[in-house]
Amino acid sequence: MIITYIFLSIFLVSLVSLTGIFLLSIHKTFLQKTLLYLVSFATGALFANVFLHLLPEIVETIPDVHHAFILVLSGILISFVIEKYIHWHHCHKLDCSHTEPIGTMMLIGDGIHNITDGILIATTYLVDVHLGIATTIAVLLHEIPQEIGEFAILLHSGFSRAKAIMWNFISALTAFLGAGAVLILQDQIHGLEHFLLPLIAGNFLYIAGSDLIPELHKQPRATARAAVFQLAAMLIGILLMYSLTGGGHRH
C-alpha cells in the first residue's frame, strides 16, 4: 500500500512538468506576477514542512538528536555542493537568457534534482503516510513555479515547444529512480529512512532559504502591496502545512 502511495505521489509531481503548456496561453506579464506569489506559497510550505513535520518527526524517532541535527546541517551543505557543481539552481522567471547548452545542462541538473525528490518522497512515506503526503504537497508547490520557469528556459535555449514539454516530462520521471533506490536499499540498510530524514530537512531548508527567498527579493521596485501579498501567500503555505498536522503535531 505504501509503495502505491509513493508511486502515485511521484507520478502526480511528475505531471507538474507539463504546466509549461499553460505558459503558452497566459499573458507573460500576468504569469510573471503570479509566479512570485507561487514562489512565496511554496516557500511557506517548505519551511513549514520542515518545522512542523520533519523536525518533530526527527526529534521523536531518532535517539541521538545531536547527531540528527548534524545530518540536517550536512543536508544543507550537500545541497550547496549539488547546486554549485551540477547547476541545480532553478529559474523562477520567464526572461532568463540562456543558450542551448545551458538548456541541456539544466535538464541534466533537473533530472538529478528530481531523483532527490523521489528519494525524499519515498523516505517520508516509509516513516509515516501523513508525513509523506505533507512532503508530496510541499514538493508539488515548489515544482509548479520551477517547472514553468524551466520550460521558459528551454524555449529560450532553442528547444521547440513539443521537445521542451517532452524532455521536461522525461526529466521529471527520473524521480522514480530515486524512489526505487530507497525501496531497494531499505531492506538492506536498517533505519535508512531515519538517516535520510535529516538530510531531507536540510535540503528543504536550503531550497527555501537560498533558492526561493532570493527570487522574491529580485522583484524590481516591489510595492508595499506586492510585499503584503507575498507574505500572505507565504502564510497560506504555512497554514496549509499546519492543517495537515490536525492543528498540531499528530503524535
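The values are calculated or read from the model by the stated rules, or taken from the named source; none is laboratory data. Keep in mind the model is a prediction, meaning the values are calculated, not measured. Please note: Cβ atoms are built from the backbone with ideal geometry, for glycine as well, and neighbour counts cover all protein chains shown. Just so you know, the surface numbers come from the protein's heavy atoms only, side chains and all, with ligands and any DNA or RNA stripped out. Shrake-Rupley method; radii C 1.70, N 1.55, O 1.52, S 1.80 Å.
If you go through region 223-242 and keep only what is more than 23 Å from the chain's Cα centre (by Cα) and of a type in the set (Gly, Ala, Ser), you end up with Ala224, Ala226. In summary, helices (runs of 4 or more DSSP H) completely within region 171-219 and bearing 2 or more residues that are of a type in the set (Gly, Ala, Ser) and buried (at least 21 other Cβ atoms within 10 Å of the Cβ) occur at 175-185, 192-206. Does His142 satisfy being crowded, with 16+ Cβ neighbours inside 10 Å, touching a residue at least 24 places away in the same chain (Cβ under 8 Å) and farther than 18 Å from Pro56 by Cβ? Answer is yes for this residue. Reported count of residues in region 16-57, each being more than 26 Å from Leu216 (Cβ to Cβ) and modelled with pLDDT under 90, is 1.
Within region 117-130, the set of residues being surrounded by 24 or more Cβ atoms within 10 Å (Cβ to Cβ) and closer than 16 Å to Val50 by Cβ comprises Asp117, Leu120, Ile121, Thr123, Thr124. When Ile137 is tested against (1) more than 16 Å from the chain's Cα centre (by Cα); (2) assigned to a helix (DSSP H, G or I), only condition (1) is not met.
Can you pull out every residue in region 145-165 that is open to solvent by 10 Å² or more (accessible area, probe 1.4 Å), in contact (Cβ under 8 Å) with a residue 24 or more places away in the chain and not in a helix (DSSP H, G or I)? Those that are open to solvent by 10 Å² or more (accessible area, probe 1.4 Å), in contact (Cβ under 8 Å) with a residue 24 or more places away in the chain and not in a helix (DSSP H, G or I): Gly158, Phe159.
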